[in-house]
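This report refers to the structure that appears directly beneath it.
The values are calculated or read from the model by the stated rules, or taken from the named source; none is laboratory data. These numbers come from a predicted model, not from an experiment. Note that each Cβ is placed from the backbone with ideal geometry, even for glycine, and that neighbours are counted across all protein chains shown.
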Amino acid sequence: MTIPSLALFGVMVVIFAPFKLGLGIVPAVSAITIYSLLPITRNTYLALNQVKPGMIEAARGIGMSNKQILWKIKIPLSVPIIMSGIRIAIVMGVSVATYASLIAAGGLGYFIFAGIGRANLTMVLVGAILISALGIGINFFLLKVEDWITPKGLKVKS
């Protein structure tokens, strides 16, 4: 996360250039994937390690193996935190993908950067609104997925 996203796109262009893949979708997808790994891994690690020791001790007490504890105790209890990391990564990926148009990968960022270059504020506004709507829509969809896969006992009752 300390590497600016635009710089990461530049590094990917240089890395893939010898393979004649320097511009286009390959470096863009690679950069977005690398940029998205930290929130997912950080939240997953924290979520799996935040399970209370008493719960793990109780699971061991009823004879569960480490594998059973992971799949039946730790992961179900960690779903909300893991999903928040995935949501953050995907929505952040949508915003970072805006830069993909700068390395010939296309996308909605084209409207923003071409609009700036042409001093066409309508074009910039269309691109910004579309990217914002996409990010908000994906976030809303992933909130529904999170609600769907979260165990009933962990849901906040309203």
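Once the range 1-30 is narrowed to residues that are at pLDDT 90 or above, of a type in the set (A, V, I, L, M) and touching a Phe, Trp or Tyr at 6+ places or on another chain (Cβ under 8 Å), the residue that is farthest from ALA105 (Cα to Cα) is VAL26.
Quick grid of which residues meet (1) under 21 Å from VAL145 (Cβ atoms); (2) in contact (Cβ under 8 Å) with a residue 60 or more places away in the chain:
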site: ASN43; (1), (2): yes, no
site: LEU48; (1), (2): yes, no
site: ILE73; (1), (2): no, no
site: LEU77; (1), (2): yes, yes
site: SER95; (1), (2): yes, no
site: ALA100; (1), (2): no, yes
site: GLY109; (1), (2): no, no
site: ILE112; (1), (2): no, no
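If you go through the range 29-37 one residue at a time, do you hit one that is of a type in the set (Phe, Trp, Tyr), surrounded by 15 or more Cβ atoms within 10 Å (Cβ to Cβ) and within 17 Å of ALA97 (Cα to Cα)? Checking the range 29-37: at least one residue is of a type in the set (Phe, Trp, Tyr), surrounded by 15 or more Cβ atoms within 10 Å (Cβ to Cβ) and within 17 Å of ALA97 (Cα to Cα).
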